[in-house]
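A.B. asks: The structure's right below; bear with me while I get my questions together.
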Amino acid sequence: MNVEEFRKYGKEVIDYICEYGSNIEERDVAPTLDPGYLKKLLPADAPQSPESFKDVLEDFEQKIMPGVVHWNHPKFFAYFPSGNSFPSVLGDLLSSAIGSIGFSWASCPAAAELETIVMNWYAKALGLPKAFISDAPGSTGGGALQGSASECVLVCLITARARAINELKGHTSVHDSVFLPNLIAYASREAHSSVEKATKMALVKLRIIDADERGRMRVDLLQQAIQNDVNAGLTPFFVVATVGTTGGCAFDDISEIGKVCRQVSSIWLHVDGAYAGNSFILPEMRVFSAGLEYADSFNTNPNKLLLTNFDASALWVRDVMVLKSALNVNPLYLRHEHINGVDYRHYGIPLSRRFRALKLWFVFRTYGVKGLQEYIRNHMVLAKKFEMLVRKDERFEVRNDVHLGLVCFRMRTGDEPNHLLLAQINHSGRMHMTPAKFNGRYVIRFCVTYEHATEKDILDAWAQIKGFAEEILRDVQLEISSAPTTPETERTSSEPVGPVSGKPPIKKKLTRTKSLRFSFTRSISREQFQSQSEHLMDGCTPILVVDPKTIQQNFQQATEDNQNNNNTKLKDISDVDTDEASN
Ligand code: PLP
C-alpha cells in the first residue's frame, strides 16, 4: 500500500469507525453463532497474490463483523467495561504508526519518559499514597504500564517470591527453587482467578480465605491462617486484597488487611483494583482506598473504567528496586550509556513494549480529570437507578452492595429460572449480561459499561428483563407473592437454591445456542476453594502438601543435599541472574 492509498483507505476506515459508533444500536449487541462459523466463510490458505483493500474491507463488514460482540454497545451490560474512547483510539493509532518498541530509554526516549509522567499523573489523580509516585520527594516507588491485570498480579507475585526467598536463603548458595515449598500466598474466595493462575505459574501454594456475606475477605480468617502457617513453619509471602471484586464489586478492607500483613515482614501486600481502582479518581470513593499506604503494590486497568482501549493496565510499586532486581537481566545488546533513563523492560515480563502511554496521555488531556470523574459518576448514578428498579419489584432481589457500576440481581426463585432468564436476555441479542456466583448464590451481573449511557438505556433494559422474567415465571407458575423474602442481613451461602414453594423444577431446557451465552467471569474456582476447605491440598502446584512437618523435613533434607552434593552446580545457576538492576 502506498501513501496515497493509505490516505484514502485510512479516511475510509475512520469514516467506518464513525458510522459504527453512531449506529451501533442497530446491531445486535452479541451474535448468535456456533463455533466454526468463520471457517466456513474464509479460505483455508492465505492468498498467494495481493488482494484489493476494498475487498478486504468488504469482507470485514460481511464476515468478521457478524461475529463481533459489541462491547461498546449501549446494551452491553456484561463483565466490566471495555474502556474506549475516540482520543484513546487515535492515541493508539499514532502508537501503531510510530511502531517503536520501547524496552529501554534508548530504544524510544519519548515512550519511556511519557510513561513515567503519565503514571505519576494517574497516581495523583487517584489520590494514591506518595510512596507510589516516582516524582514525590523521598519516594522509592513508581509505576509502569502492563498488558493486563493478570500480568500485574504475576509480576508482583514473582517479585514477592524473590524477596522472600532472598530473606530465607541469606548468604547461602542454595538454589532458589529449594525454598518454593515453604512459600504460601493468600487471597479471598472472591479474588480474581488470575491470582490462582499466578500461583500456579510460580509454583507456590495458595490459601484461599473465605469472604463475608458482602463478598469481602474475612480478615479474622486471614490472620488466623497466617498465624497457623507460621506456626507450621511456612513462610507467608504474598497477600492479594481486591477493591472491586469481579463477582460482586466488593471492596476488601485494605486497612485491616494491611495491619495483619504488617505483622509478618515476609508478606508483600498487593491490592488488585482492576476495575474499581479507577473510581478513586472520585474523592467520595476514597473511603475504599484507605489503607493503600500498607500496600506494596496496586494495579488498576484504565482499559476497564478509564476510557482507554485495551491493552493498558497500570501497576505501581512502593519499591521499584525490589521489582527490578527480581526481573532484571542485562545482556550486552540491551545496554546503553544513559544510566539515568528508565528502562521499562525491568518492570514486567516482556522485553518489547508498545507505546501505551500515548493513548492514556490523549485520554487525560482530552477529558481532563473532571471529565473522567463525570463519566464514572454517571455510571454510578445509572447503576443506582437500576438497583432501585430491581429493589422495587418484589419478584427480584439485589445481592451485592452497589457502590459503582455493577448490580448483581436475581429473581427470588431457584437458580434454574435465573439461568433461563439470563439465557433469554442474551439470546435476544438486544442485551448482553454475564452470570456470577456471589455469596453462594447465582446472580446475573448488570454492569453499566457504555461511555454515553443514559437513563433511557437502563429503563429499556429493565423493561425487557421484566418481560422475559414474566414469561418464565408464568411458565413455571411460581407463586411469587408467597415466596419467602431474603432479608438483607440473613443472606448466607447455605440458603436453599431450589425453586420456592416446593414447585417442581423448571422444565424448559436451554438449547445449545442459548447455552453458548453462559460465559463466566470467574473468581477463584469453586473447586480450588472447596479443595482447601478441609486441609491444604495445594492443587495448584506440583508440590503436594501432606502436612507441615513433612514439608519441613523435606525442606531441611533438600537443603542439606544441595549443600553437600550439588553445591558447585547450583551456585553456577544462582550466579547467572544477579546482575545489578541498572535503573
Ligand atoms: N482482577 C479483577 C478484579 C478483574 O475483575 C479482572 C477481570 O475482569 C482481572 C483481575 C483480570 O484482568 P485482565 O483481563 O486485565 O487480566
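A.B. asks: Ranked highest first by the average count of other Cβ atoms within 10 Å around their residues, in what order do 16-28, 347-359, 38-50 fall?
C.D. replies: 347-359, 16-28, 38-50
A.B. asks: Using θ = phi - 60° and the Karplus form 6.51 cos²θ - 1.76 cosθ + 1.60, what ³J(HN,Hα) does each residue of segment 20-25 get, whole Hz, x for Gly and Pro?
C.D. replies: 4, x, 6, 10, 4, 5
A.B. asks: Next question. Could you sort the peptides 126-132, 153-159 by per-residue average Cβ neighbour count (10 Å cutoff), highest mean leading?
C.D. replies: In decreasing order of mean packing, 126-132, 153-159 become 153-159, 126-132.
A.B. asks: What is the diffusion coefficient of segment 102-246 in µm²/s, taking the Kirkwood radius over Cα pairs and the Stokes-Einstein relation at 37 °C with a viscosity of 0.692 mPa s?
C.D. replies: Using the Kirkwood radius from Cα pairs, D works out to 189 µm²/s.
A.B. asks: Can you list the HN-Hα couplings for segment 243-259, worked out from phi with the Karplus curve (6.51, -1.76, 1.60; θ = phi - 60°), rounded to whole Hz and with x for Gly and Pro?
C.D. replies: For segment 243-259, the Karplus-derived couplings read 10, x, 5, 5, x, x, 6, 8, 10, 5, 7, 5, 4, 5, 5, x, 5 Hz, x marking Gly and Pro.
A.B. asks: Follow-up. What translational D, rounded to a whole number of µm²/s, comes out for segment 429-479 from Stokes-Einstein when the hydrodynamic radius is the Kirkwood one over Cα pairs, at 25 °C and 0.890 mPa s?
C.D. replies: In µm²/s, the coefficient is 191.
A.B. asks: For segment 189-270, give the magnitude of the charge dipole about the Cα centre (Cβ charges: +1 Lys/Arg, -1 Asp/Glu; no others), in debye to the nearest 20.
C.D. replies: Dipole size: approximately 280 debye.
A.B. asks: Ordering ARG207, ARG441 by how much accessible area each has at a 1.4 Å probe, largest first, what is the list?
C.D. replies: My answer, sorted largest first, is ARG207, ARG441.
A.B. asks: Which of the listed residues, MET201, PRO283, GLY215, is farthest toward the dipole's positive end in segment 156-289, when Lys, Arg count +1 and Asp, Glu count -1 at the beta-carbon?
C.D. replies: Highest projection toward the positive end goes to MET201.
A.B. asks: If you don't mind, another one. Over all Cα pairs of segment 257-304, how is the pair count split among 5 Å bins, expressed in % and running from 0 up to the last occupied bin?
C.D. replies: For segment 257-304, the pair-distance distribution reads 5, 21, 27, 22, 14, 8, 3.
A.B. asks: Output ³J(HN,Hα) for segment 59-65: one whole-Hz value per residue in order, computed from phi by the Karplus curve 6.51 cos²θ - 1.76 cosθ + 1.60 with θ = phi - 60°, and x for Gly and Pro.
C.D. replies: 5, 4, 5, 8, 10, 7, 4
A.B. asks: What does the highest-first list of 447-458, 292-303 look like by mean Cβ count within 10 Å?
C.D. replies: For the peptides 447-458, 292-303, the packing ranking is 292-303, 447-458.
A.B. asks: Another question about this same structure. Quick one: grab the alpha carbon gyration tensor of segment 242-357, order the square roots of its eigenvalues as a ≥ b ≥ c, and give me rounded if a/c is under 1.5, else prolate or oblate depending on whether a/b is larger than b/c.
C.D. replies: In terms of gyration-tensor shape, oblate.
A.B. asks: Now, a different point. Once you've got the Cα coordinates, tell me which of LYS11/LYS63; LYS11/LYS370; LYS8/LYS359 are over 26 Å apart.
C.D. replies: Among LYS11/LYS63; LYS11/LYS370; LYS8/LYS359, the Cα-Cα distance tops 26 Å for LYS11/LYS370.
A.B. asks: With charges set only on the Cβ (+1 for Lys and Arg, -1 for Asp and Glu), what does the dipole of segment 1-66 come to about its Cα centre, in debye to the nearest 20?
C.D. replies: So the magnitude is around 160 debye.
A.B. asks: Right, next: Could you calculate, for segment 36-138, the ratio of the Cα radius of gyration to the Kirkwood radius, expressed as Rg to Rh?
C.D. replies: 1.12
A.B. asks: Which GluC sites (Glu not before Pro) in segment 372-414 pass both tests, a DSSP loop state and at most 13 other beta-carbon atoms within 10 Å?
C.D. replies: Of the GluC sites (Glu not before Pro), the ones in loops of segment 372-414 whose Cβ has at most 13 other Cβ atoms within 10 Å are GLU394.
A.B. asks: Calculate what fraction, in whole %, of the accessible area of segment 375-462 sits on carbon and sulfur atoms when a 1.4 Å probe is rolled over the protein chains.
C.D. replies: 53
A.B. asks: Which semi-axes, in whole Å and largest first, does the equivalent ellipsoid of segment 166-269 have when worked out from the alpha carbon gyration tensor as the square roots of 5 times its eigenvalues?
C.D. replies: Values for segment 166-269, descending: 26, 15, 11 Å.
A.B. asks: Further, regarding this structure: Taking the Cα centre as origin and putting +1 on Lys and Arg beta-carbons and -1 on Asp and Glu beta-carbons, what dipole magnitude results for segment 25-183, to the nearest 20 debye?
C.D. replies: 680
The values are calculated or read from the model by the stated rules, or taken from the named source; none is laboratory data. For clarity, every value in this text was computed on a predicted model and none was experimentally measured. As a convention, Cβ positions derive from the backbone with ideal geometry for all residues, glycine included, and neighbour counts pool all protein chains shown. SASA here: full protein model, heavy atoms, side chains in, ligands and nucleic acids out. Shrake-Rupley method; radii C 1.70, N 1.55, O 1.52, S 1.80 Å.
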